[in-house]
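Chemist: Questions regarding the structure given below will be posed in turn.
The values are calculated or read from the model by the stated rules, or taken from the named source; none is laboratory data. These numbers were taken from a predicted model, which means no experiment stands behind them. Cβ placement follows ideal geometry from the backbone for every residue including glycine, while neighbour counts extend to all protein chains displayed.
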Ligand SMILES: O=C(CO)[C@H](O)[C@H](O)COP(=O)(O)O
């Protein structure tokens, strides 16, 4: 039987215990004290988990690099049945960890996170006597699109050890991992950040058990990164994205004219001056379906966009307009669905002189925007995501969105935001 291990990568012990209870009810077999929980609470986290789940195997994700024997001993004495150390550690650290594991009657799992040649290292580890290996892509690398399934495909399932797989797994990828030979699937954020942990764990259980029952259909359909970016940006908010960019990326002084209309698209940029509307209108003809026109005008008191330009843009099916400058003809613009974000609305227009450029780097609302950058604009504001970082930021913003949903769920159950986040405990010490 394939085991499901829920990884509790939260820093608050009380939350971890609640989440673990729900995950176990949904079918998790092993409960992992995740590294952030161990760093926050120490071995007490392992003790409390063992106390709460005496019949379950508790894994302590120590991520040990040195002094293996003492770390394994500490975790084992606290109630861990499996202790995880890093495959990047020296062989002597692995051997010492193995000796301690034998002495205290626990299993050792060796984590292949960030190993350049996982197949070669797995072979060495098996020679050292390791019989439980974790094919793991860490959270930061997941955000760049790396998946543990690619690593598993290279390693194969017959390396002589039991195989655990971890790194952003969801029901479909957990199932794929099992089809590829995994004995244990380790699932963290998909379960712990769910607003219904029990159901999320059950979805993983069903997917994994489906393989044992012989259902080989429904493996992961590959989406392109571009498709994933659009899917995620359409789901999350500009605030989630700003959080994912370390609370940066938002324009200032430009806001929605039509609340409720959202933009997700790639920028076609325009720089123009003093209400000159030639380049903005010419840019519409250069746009493809779904593009966003982003304009720096430099004068917020002369309109360089109005009803006629809006109708042309609607015909071209552009996703929206963002203007660091003024627009006019609100009555006409209201009739169309086009999301419009601007710094000002004034009735007096400029003239079509043709100054400026299309598709050059501009500064709009205080943010640099390059052609092709992603623009996400909603009622909270407008964020610019540089195209080179778009996939990573999309993945990180999805994590932010998921975490917030989970915290909201806990607040809806009656807790205060401050108690859920243990704000007092985590205030920065002077
Ligand atoms: O060890 C970890 C991070 O280093 C995680 O526990 C592991 O990656 C599983 O979590 P997720 O499913 O969120 O990736």
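Chemist: Just to be sure before I move on: is residue 338 under 19 Å from residue 261 (Cβ atoms) and in a strand (DSSP E or B) in the structure I sent?
Modeler: Details: under 19 Å from residue 261 (Cβ atoms): yes; in a strand (DSSP E or B): no.
Taking the combined requirement at face value, the residue does not satisfy it.
Chemist: When you check residue 116 against the structure, is it more than 9 Å from the ligand (Cβ to nearest atom), assigned by TED's automatic domain parsing to the domain that holds residue 58, over 30 Å from residue 405 (Cβ atoms) and at pLDDT below 95, yes or no? Break it down into steps so the answer makes sense when it comes.
Modeler: Numbers: more than 9 Å from the ligand (Cβ to nearest atom): yes; assigned by TED's automatic domain parsing to the domain that holds residue 58: yes; over 30 Å from residue 405 (Cβ atoms): yes; at pLDDT below 95: yes.
Criteria met by residue 116.
Chemist: For residue 130, all conditions in the list (1) within 16 Å of the ligand (Cβ to nearest atom); (2) surrounded by 22 or more Cβ atoms within 10 Å (Cβ to Cβ) hold save one; what is the number of the exception?
Modeler: (1)
Chemist: Report yes if residue 140 is in a helix (DSSP H, G or I), within 15 Å of the ligand (Cβ to nearest atom) and in contact with a helix residue (DSSP H, G or I) (Cβ under 7 Å, 6 or more places away or on another chain), otherwise no. Break it down stepwise before answering.
Modeler: Values: in a helix (DSSP H, G or I): yes; within 15 Å of the ligand (Cβ to nearest atom): yes; in contact with a helix residue (DSSP H, G or I) (Cβ under 7 Å, 6 or more places away or on another chain): no.
No; evaluated as a whole, the condition is false for this residue.
Chemist: Does residue 125 satisfy being in contact with a strand residue (DSSP E or B) (Cβ under 9 Å, 6 or more places away or on another chain) and more than 16 Å from the ligand (Cβ to nearest atom)? Explain how you work it out, then say what you get.
Modeler: Values: in contact with a strand residue (DSSP E or B) (Cβ under 9 Å, 6 or more places away or on another chain): yes; more than 16 Å from the ligand (Cβ to nearest atom): yes.
Spelling it out, residue 125 is indeed in contact with a strand residue (DSSP E or B) (Cβ under 9 Å, 6 or more places away or on another chain) and more than 16 Å from the ligand (Cβ to nearest atom).
Chemist: For the stretch 31-42, state whether one or more residues are in contact with a helix residue (DSSP H, G or I) (Cβ under 6 Å, 6 or more places away or on another chain), more than 24 Å from residue 86 (Cα to Cα) and crowded, with 18+ Cβ neighbours inside 10 Å.
Modeler: To start, the set of residues in the stretch 31-42 that are in contact with a helix residue (DSSP H, G or I) (Cβ under 6 Å, 6 or more places away or on another chain) comprises 31, 33, 37-38, 41.
Next, only the ones that are more than 24 Å from residue 86 (Cα to Cα) stay: none.
Within the stretch 31-42, none of the residues are in contact with a helix residue (DSSP H, G or I) (Cβ under 6 Å, 6 or more places away or on another chain), more than 24 Å from residue 86 (Cα to Cα) and crowded, with 18+ Cβ neighbours inside 10 Å.
Chemist: With 238, 189 as the choices, which residue is modelled with pLDDT of 95 or more and touching a strand residue (DSSP E or B) at 6+ places or on another chain (Cβ under 6 Å)? Full working, then the answer.
Modeler: Numbers: 189 fails: touching a strand residue (DSSP E or B) at 6+ places or on another chain (Cβ under 6 Å).
Going through 238, 189 in turn, the sole match is 238.
Chemist: Out of the stretch 307-324, which residues are closer than 20 Å to residue 259 by Cβ and touching a strand residue (DSSP E or B) at 6+ places or on another chain (Cβ under 9 Å)?
Modeler: Filtering the stretch 307-324 for residues closer than 20 Å to residue 259 by Cβ gives 307, 310, 313-314, 318-324.
Matches in the stretch 307-324: 310, 313, 318, 319, 320, 321, 322, 323, 324.
Chemist: Would you check if there is a residue in the stretch 207-218 being buried (at least 22 other Cβ atoms within 10 Å of the Cβ), away from the ligand (no atom under 13 Å from the Cβ) and modelled with pLDDT of 90 or more? Can you show your working first?
Modeler: Here is the first cut: in the stretch 207-218, the ones buried (at least 22 other Cβ atoms within 10 Å of the Cβ) are 207-208.
Right, trim to away from the ligand (no atom under 13 Å from the Cβ) and you get 207-208.
In the following step, the residues that additionally are modelled with pLDDT of 90 or more were identified as 207-208.
Yes, because at least one residue in the stretch 207-218 is buried (at least 22 other Cβ atoms within 10 Å of the Cβ), away from the ligand (no atom under 13 Å from the Cβ) and modelled with pLDDT of 90 or more.
Chemist: Confirm whether residue 418 is surrounded by fewer than 21 Cβ atoms within 10 Å (Cβ to Cβ), farther than 30 Å from residue 279 by Cα, at pLDDT 95 or above and not assigned by TED's automatic domain parsing to the domain that holds residue 12.
Modeler: Details: surrounded by fewer than 21 Cβ atoms within 10 Å (Cβ to Cβ): yes; farther than 30 Å from residue 279 by Cα: yes; at pLDDT 95 or above: yes; not assigned by TED's automatic domain parsing to the domain that holds residue 12: yes.
Yes; evaluated as a whole, the condition is true for this residue.
Chemist: Let me ask you something else. Let me confirm something: among 85, 72, 93, 10, which residue is under 24 Å from residue 168 (Cβ atoms), free of Cβ contacts under 8 Å to residues at least 40 places away in the same chain, in the same structural domain as residue 166 (by TED's automatic domain parsing) and in contact with a helix residue (DSSP H, G or I) (Cβ under 6 Å, 6 or more places away or on another chain)? Talk me through it step by step, then tell me what you get.
Modeler: Working: 72 fails: under 24 Å from residue 168 (Cβ atoms); 93 fails: under 24 Å from residue 168 (Cβ atoms); 10 fails: free of Cβ contacts under 8 Å to residues at least 40 places away in the same chain.
From the options 85, 72, 93, 10, the qualifying one is 85.
Chemist: Taking the residues in the stretch 160-179 that are away from the ligand (no atom under 11 Å from the Cβ) and closer than 17 Å to residue 132 by Cβ as candidates, determine which candidate is surrounded by the fewest Cβ atoms within 10 Å (Cβ to Cβ).
Modeler: Initially, the stretch 160-179 is screened for residues away from the ligand (no atom under 11 Å from the Cβ), giving 160-163, 171-172, 175-179.
Remaining after also requiring closer than 17 Å to residue 132 by Cβ: 160-163, 177-178.
Values: 160: 12, 161: 19, 162: 18, 163: 23, 177: 31, 178: 20.
This residue is 160.
Chemist: Can I ask one more? Only one of these is out of contact with any helix residue (DSSP H, G or I) (no Cβ under 7 Å at 6 or more places or on another chain) and in the same structural domain as residue 133 (by TED's automatic domain parsing): 77, 63, 48, 56. Name it.
Modeler: None of the others qualify; the one that does is 77.
Chemist: Continuing with this model, one more query. Could you check how many residues of the stretch 371-406 are surrounded by fewer than 17 Cβ atoms within 10 Å (Cβ to Cβ) and outside any loop (DSSP other than H, G, I, E, B)?
Modeler: Total meeting the criteria: 4.
Chemist: Next question. May I ask you to verify whether residue 351 is part of a strand (DSSP E or B) and in the same structural domain as residue 264 (by TED's automatic domain parsing)? Lay out the reasoning, then the answer.
Modeler: Working: part of a strand (DSSP E or B): no; in the same structural domain as residue 264 (by TED's automatic domain parsing): yes.
No; evaluated as a whole, the condition is false for this residue.
Chemist: Out of everything in the stretch 255-311 that is without any contact (Cβ under 8 Å) to a residue 60 or more places away in the chain and part of a strand (DSSP E or B), what residue ends up being surrounded by the most Cβ atoms within 10 Å (Cβ to Cβ)? Lay out the reasoning, then the answer.
Modeler: Of all residues in the stretch 255-311, those without any contact (Cβ under 8 Å) to a residue 60 or more places away in the chain come to 280, 284-285, 287-291, 293, 297-311.
Now narrow it down to the ones that are part of a strand (DSSP E or B): 293, 303.
Working: 293: 29, 303: 25.
Checking each candidate, the answer is 293.
Chemist: Quick one: in the stretch 180-204, of everything that is over 17 Å from the mean Cα position of the chain (by Cα) and in a helix (DSSP H, G or I), which residue is nearest to the ligand (Cβ to nearest atom)?
Modeler: Result: 204.
Chemist: Return the residues of the stretch 9-36 that are in a loop (DSSP other than H, G, I, E, B) and either in contact with a strand residue (DSSP E or B) (Cβ under 9 Å, 6 or more places away or on another chain) or within 12 Å of the ligand (Cβ to nearest atom) (or both); say none if nothing qualifies. Spell out the reasoning first.
Modeler: Restricting attention to the stretch 9-36, the residues satisfying the condition of being in a loop (DSSP other than H, G, I, E, B) are 9-12, 26-29, 34.
9, 10, 26, 27, 28, 29, 34, listed by residue number.
Chemist: Here is a further query. Out of (1) touching a residue at least 40 places away in the same chain (Cβ under 8 Å); (2) out of contact with any helix residue (DSSP H, G or I) (no Cβ under 9 Å at 6 or more places or on another chain), the odd one out for residue 19 is which?
Modeler: For residue 19, the failing item is (2).
Chemist: While we're looking at this one, here's another question. So which residues in the stretch 343-375 are on the phi > 0 side of the Ramachandran plot and over 27 Å from the mean Cα position of the chain (by Cα), if there are any at all?
Modeler: 354, 356, 359
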